[in-house]
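Asker: Here it is, the structure, as structure tokens.
The values are calculated or read from the model by the stated rules, or taken from the named source; none is laboratory data. Quantities reported herein were computed from a predicted structural model and do not represent experimental measurements. Here the Cβ positions follow ideal geometry from the backbone for every residue, glycine too, while neighbour counts run over all protein chains shown.
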Amino acid sequence: MPVLHVYVLPRPGVDDGVLSLARSCVPLAEGYPVGPQISATGDDAGLLHGTLEMLADAPATAYDETARQQLVEALGAKLAGIAPFTTEVGPPLANIAGVVLDLWPEAEFEKVREATRTAIREVRGEAALQHQGGRGHFSVLYADGTGSSDQLNSRLRNEITPRRAPLYVDRVHLVSVTWTEDEASGGWRMSMESVAEIPLGGSFR
């Protein structure tokens, strides 16, 4: 069942360093119980994303056009006072969730996340805010099973250079996300449908 999320998405031609860093993780994780959110090659950004918030009060199909527009307008109003910024992602880290790229400096990202939550709270209420995503990060590969991350972390640390890349953030994306079971791996795969792009600072560069 699809659920609305607000993401930061790296873009080809703008955040190529981030995309290259994420792609370099994929072949190193071969044989580990993880599934990629980004292809190892190609120009597509895949499903690489940084989660700002999940709207947990209702499935995406329960949001009619009016409800979605109210959400977009609220997000736009709250994000208008935050200027676009550049931060960095990396280095790659394997943990219980899979492989992630931490984000630092994180102060501006956290401003965007808090503004996003405030907008959601105003139009959908506290029940919509049930996501606990921890510190800002980009998910590269999701865990499909269990295993030791020690060897994978060693490969990520020793074989990937550079280990950080700049990320330019001038918008957030409202997307509809669906998880489906992958019979081949026994894990889950996500798909994403764009609903709207909301600029920081009131307008795109």
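Yes or no, residue by residue, for (1) closer than 16 Å to residue 10 by Cβ; (2) touching a residue at least 60 places away in the same chain (Cβ under 8 Å); (3) assigned to a loop (DSSP other than H, G, I, E, B):
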site: 113; (1), (2), (3): no, yes, no
site: 122; (1), (2), (3): no, no, no
site: 132; (1), (2), (3): no, no, yes
site: 138; (1), (2), (3): yes, yes, no
site: 147; (1), (2), (3): no, yes, yes
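Asker: Would you say residue 57 is surrounded by fewer than 18 Cβ atoms within 10 Å (Cβ to Cβ), modelled with pLDDT under 95 and in contact with a Lys or Arg (Cβ under 7 Å, 6 or more places away or on another chain)?
Answerer: yes
Asker: Further question on the same structure: Are any residues in the range 149-166 assigned to a helix (DSSP H, G or I) and of a type in the set (S, T, N, Q), and if so, which ones?
Answerer: Within the range 149-166, 151, 153, 154, 158 qualify.
Asker: Across the range 125-176, what is the total count of residues that are modelled with pLDDT under 90 and touching a His at 6+ places or on another chain (Cβ under 7 Å)?
Answerer: Number satisfying all stated conditions: 1.
Asker: How many of the residues in the range 75-102 are in contact with a helix residue (DSSP H, G or I) (Cβ under 6 Å, 6 or more places away or on another chain), under 15 Å from residue 172 (Cβ atoms) and not β-branched (Val, Ile, Thr)?
Answerer: 4
Asker: From 14, 18, 72, grab the single residue that is of a type in the set (A, V, I, L, M) and buried (at least 20 other Cβ atoms within 10 Å of the Cβ).
Answerer: So the residue among 14, 18, 72 that is of a type in the set (A, V, I, L, M) and buried (at least 20 other Cβ atoms within 10 Å of the Cβ) is 18.
Asker: Here is a further query. Of all residues in the range 103-122, which are crowded, with 18+ Cβ neighbours inside 10 Å, closer than 16 Å to residue 4 by Cβ and touching a helix residue (DSSP H, G or I) at 6+ places or on another chain (Cβ under 7 Å)?
Answerer: 116, 119, 120
Asker: Okay, moving on. Residues being modelled with pLDDT of 90 or more and crowded, with 21+ Cβ neighbours inside 10 Å: count how many of those fall in the range 21-34.
Answerer: Count: 3.
Asker: I've got another one for you. Out of the range 94-111, which residues are assigned to a strand (DSSP E or B) and either modelled with pLDDT of 95 or more or under 15 Å from the mean Cα position of the chain (by Cα) (or both)?
Answerer: 98, 99, 100, 101, 102, 103
Asker: Checking residue 91 against (1) in contact (Cβ under 8 Å) with a residue 12 or more places away in the chain; (2) part of a helix (DSSP H, G or I): exactly one of these is not met. Which one?
Answerer: (2)
Asker: Now for a separate question. Here is a check on your reading of the model: is residue 77 at pLDDT 90 or above, touching a Ser or Thr at 6+ places or on another chain (Cβ under 7 Å) and either among the acidic types (Asp, Glu) or surrounded by 15 or more Cβ atoms within 10 Å (Cβ to Cβ) (or both)?
Answerer: For residue 77, the condition - at pLDDT 90 or above, touching a Ser or Thr at 6+ places or on another chain (Cβ under 7 Å) and either among the acidic types (Asp, Glu) or surrounded by 15 or more Cβ atoms within 10 Å (Cβ to Cβ) (or both) - is not met.
Asker: Within the bounds of the range 35-42, is there any residue that is modelled with pLDDT of 90 or more and exposed (fewer than 15 other Cβ atoms within 10 Å of the Cβ)?
Answerer: The answer is no; no qualifying residue exists.
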